[in-house]
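Trainee: Here's a structure for you.
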Amino acid sequence: MARHNPSEGPPSRKYNIIGADIPETVLFKGDSLVSSLSGTPRVINCVYYYDDTGSILFERLCSEPTYYLFRTEKEIISQNAKAIAGITGPVSLIELGSGNAGKTTLLVDAYVKTHGPASYTAIDINHSILERAAENILSVTPDFDFLGIVGTYQTGLVQTKELTGRKLLVSFGSAIGNLYDNELCSLLLSARAALSPGDYFLVGIDLDKETEMLEAAYNNQTAILGNLCVLQHLNWRFSGNFDIFQFRHVAFHNKSLQRVEAHLEAMQAQSINLQKLNFSFQLEKGEMIRTEIMRKVDLNSFHGMFIEYGFRPVHNWTDSYKRYAVCLFQLSDKQFESEPPLAS
Ligand SMILES: C[S@@+](CC[C@H](N)C(=O)[O-])C[C@H]1O[C@@H](n2cnc3c(N)ncnc32)[C@H](O)[C@@H]1O
């Protein structure tokens with residue numbers, strides 16, 4: 001696979017991060033933002049959480065006592081990484097939205113111990129976090145071949161097509177749960193296109209549970225700050241005039257849609273202008289902008305979505321309280337009887 005612009009880590013370690021030159025307009029599509037902010041309700045896509053500040057805040061969120069997701073998933077991976085490596089055999093690992101790859105080091109370590117050195121490719125929209133991912137992975141396994149790809153899930157997956165041999169695609173942190181239905185369909189189509197029959201997809205996902213626990217996870221100080229900082233990101237990227245002190249963080253469990261939603265509520269009427277997008281709009285007092293969804297699934301319907309796209313459930317691992325699941329799927333080698341649903 002083509003590798004350019006090698007970045008050097010500390011003396012004995014080397015890693016490559018490609019895609020730093022990808023146009024920002026490909027990663028952060030201003031026209032989509034204009035369209036989603038013009039709708040009812042107004043929506044900001046969760047990719048805007050992940051500038052450098054947002055990535056640091058996400059790392060901090062993971063150590064908030066009420067944010068059970070991180071430590072629960074970590075426990076599941078640490079207890080079962082060896083079993084996962086045993087089922088798949090040797091693979092090239094590709095991680096979607098790697099973040100700092102903190103938990104992935106456990107998986108990588110199990111693969112090295114079971115099958116020897118291999119390759120790890122991390123895809124993330126944030127360049128800085130890929131550098132931290134490289135440091136984390138290489139601190140555990142200096143012999144691992146690390147490639148970071150700055151990009152969206154879709155643009156990154158296209159660049160992994162040249163990897164040969166059995167692949168294991170990984171998505172941790174319940175990141176798939178942040179995707180709307182059309183985005184999830186589109187991701188599953190891209191994953192299917194990037195993988196070959198027999199390849200694996202390992203997905204960490206939060207399970208539906210009682211409202212109190214869910215709402216506590218998304219209403220701590222770091223969650224509140226992270227949500228407000230989305231507006232600062234938009235100000236910086238698009239020369240906007242959002243005043244974060246005029247907004248209030250709201251996160252609640254939407255039981256019927258099986259998700260937690262994060263919103264920003266305007267505390268008074270205001271005129272918003274995003275100069276670089278040549279876009280203005282009026283917010284009424286009390287109006288909400290939805291900034292993120294966090295799906296809380298039941299395993300049957302979650303499996304159903306993957307099955308529709310040709311991914312066969314192989315095994316699930318959960319914690320003892322059944323709060324969180326890590327699910328292994330395998331791309332079927334059967335032809336589909338009908339075409340999978342198209343992303344709208
Ligand atoms: C919820 S965090 C999970 C991070 C890490 N996997 C973990 O479990 O701690 C989501 C990560 O995906 C990245 N991300 C979010 N949306 C993305 C997209 N559309 N394409 C590529 N990366 C994305 C973010 O920068 C962030 O690092």
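The values are calculated or read from the model by the stated rules, or taken from the named source; none is laboratory data. All values derive from a computational prediction rather than experimental measurement. Every residue, glycine among them, receives a Cβ derived from its backbone with ideal geometry; neighbour counts consider all protein chains shown. Quick note on the areas: whole protein, heavy atoms, side chains included, nothing else; ligands and nucleic acids left out. Shrake-Rupley method; radii C 1.70, N 1.55, O 1.52, S 1.80 Å.
Trainee: One residue is enough: does segment 103-110 have a residue meeting the conditions acidic (Asp, Glu), farther than 30 Å from Ser320 by Cα and over 19 Å from the mean Cα position of the chain (by Cα)?
Mentor: No - not one qualifying residue is present in segment 103-110.
Trainee: With the condition being within 30 Å of Leu168 (Cα to Cα) and touching a residue at least 40 places away in the same chain (Cβ under 8 Å), I'd like the strands (runs of 3 or more DSSP E) fully within segment 240-326 carrying at least 3 qualifying residues.
Mentor: In segment 240-326, 288-295, 311-318 are the strands (runs of 3 or more DSSP E) which contain 3 or more residues that are within 30 Å of Leu168 (Cα to Cα) and touching a residue at least 40 places away in the same chain (Cβ under 8 Å).
Trainee: Of a type in the set (Asp, Glu), over 30 Å from Trp317 (Cα atoms) and more than 15 Å from the chain's Cα centre (by Cα): is that true of Asp51 in this structure?
Mentor: Answer is no for this residue.
Trainee: From (1) under 24 Å from Glu131 (Cα atoms); (2) modelled with pLDDT of 95 or more; (3) within 12 Å of the ligand (Cβ to nearest atom), pick out the condition that doesn't hold for Phe28.
Mentor: (2)
Trainee: Can you tell me which condition Ser78 does not meet? The list is (1) within 14 Å of the ligand (Cβ to nearest atom); (2) surrounded by 18 or more Cβ atoms within 10 Å (Cβ to Cβ); (3) part of a helix (DSSP H, G or I), and all the others hold.
Mentor: The single condition Ser78 does not satisfy is (2).
Trainee: Step by step: first the residues of segment 173-187, then only those that are out of contact with any Leu (no Cβ under 8 Å at 6 or more places or on another chain) and within 9 Å of the ligand (Cβ to nearest atom), then the one that is most open to solvent (accessible area, probe 1.4 Å). Which residue is that?
Mentor: Glu183
Trainee: Would it be correct to say that Thr121 is open to solvent by less than 10 Å² (accessible area, probe 1.4 Å) and within 12 Å of the ligand (Cβ to nearest atom)?
Mentor: It is false that Thr121 is open to solvent by less than 10 Å² (accessible area, probe 1.4 Å) and within 12 Å of the ligand (Cβ to nearest atom).
Trainee: Further question on the same structure: Does segment 145-166 hold any residues that are open to solvent by less than 10 Å² (accessible area, probe 1.4 Å) and under 17 Å from Ser92 (Cβ atoms), and which are they?
Mentor: Scanning segment 145-166 gives Phe146, Leu147, Gly148, Ile149, Gly156, Leu157, Thr160.
Trainee: Among the residues of segment 61-73, are any surrounded by fewer than 18 Cβ atoms within 10 Å (Cβ to Cβ) and within 12 Å of the ligand (Cβ to nearest atom)?
Mentor: Checked against the condition, which is being surrounded by fewer than 18 Cβ atoms within 10 Å (Cβ to Cβ) and within 12 Å of the ligand (Cβ to nearest atom), segment 61-73 yields at least one hit.
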